[in-house]
Amino acid sequence: MAFNPGFSSACGVEISMWRFNIIQVNNATGTVDVGAGLTWGQTYAALVPIGLNVIGARGPTVGVAGLTLGGGYSFLSSQYGLTVDNMAGFELVLPNGTITNVTSKNEELWFALRGGGNNFGIVTTFTYKTIPQGQIWGFPLH
């Protein structure tokens, strides 16, 4: 266990992804590209006004990359499965510097990235399948 008060708790290299901040909807394919530097709150804020949603985190401050590469439980998981079950693709920088788009056609990398963490390169963009999102009604439980 690393102990670095006031610093990163990661042992090794830490790469800031905050500039990977795109959100691009593709209505023709029913997908959205989301940058690895975004949080789920930022993602939802861009999608809700246009009536779309993706299977993502339960909290707005959770990072897109960590949740997705770890599997990802959502409020909608009982209906749609985990976050990684609703992926259309990944943009991945391989250890040799090659940038590749990983889809289900790349069977080995596809399988490895869906729950395997960040051990296979650096994911810069996640492509999620979108679902329609209407109004949600809730109430506090006391």
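The values are calculated or read from the model by the stated rules, or taken from the named source; none is laboratory data. Owing to the predicted nature of the structure, the values given are computational and were not obtained by experimental measurement. Neighbour counts are summed over all protein chains in view; Cβ atoms, including those assigned to glycine, are modelled from backbone coordinates with ideal geometry. When the accessible area is computed, the model is the full protein with side chains, heavy atoms only, and any ligands, DNA or RNA have been set aside. Shrake-Rupley method; radii C 1.70, N 1.55, O 1.52, S 1.80 Å.
Solvent-accessible area per residue in the chain equals 64 Å², computed with a 1.4 angstrom probe and all protein chains kept. Ordered from largest to smallest accessible area (heavy atoms of protein chains, 1.4 Å probe), the residues Val62, Val13 come out as Val13, Val62. Projecting the Cα positions of Ala57, Gly116, Phe20 onto the charge dipole of the chain (unit charges on Cβ atoms of Lys, Arg, Asp and Glu, taken about the Cα centre) puts Ala57 furthest along the positive direction. Listed values for segment 100-111 are Karplus-derived 3J(HN,Hα) couplings in whole Hz (6.51 cos²θ - 1.76 cosθ + 1.60, θ = phi - 60°), namely 9, 9, 9, 10, 4, 6, 9, 3, 5, 5, 4, 5, and x replaces Gly and Pro. With the Kirkwood sum run over all distinct C-alpha pairs, segment 60-132 has a hydrodynamic radius of 12.6 Å. Taking amide H atoms as placed 1.01 Å from N in the peptide plane, the amide H of Phe20 lies under 5 Å from those of Gly37, each 5 or more residues away in sequence or on another chain.
Taking the Cα centre of the chain as reference, the dipole from Cβ charges on Lys and Arg (+1) and Asp and Glu (-1) amounts to some 200 debye.
Remark: relative contact order (segment 42-142) = 30 percent; criterion is Cα-Cα distance under 8 angstrom and separation of 6 or more residues. Note on the chain: Cα-only Rg and Dmax are 15.9, 54 Å.
When the P(r) of segment 13-88 is calculated, the portion above 19 Å amounts to 31% of the C-alpha pairs. For the peptides 63-75, 17-29, residues were scored by their other Cβ atoms within 10 Å and the scores averaged per peptide; the highest-first order is 63-75, 17-29.
Backbone phi angles across segment 68-76, fed through the Karplus curve with coefficients 6.51, -1.76 and 1.60 (θ = phi - 60°), yield HN-Hα couplings of 5, 5, x, x, x, 8, 10, 4, 9 Hz in residue order; Gly and Pro are listed as x.
A probe of 1.4 angstrom, applied to the heavy atoms of all protein chains, finds Trp110 with accessible area near 40 square angstrom.
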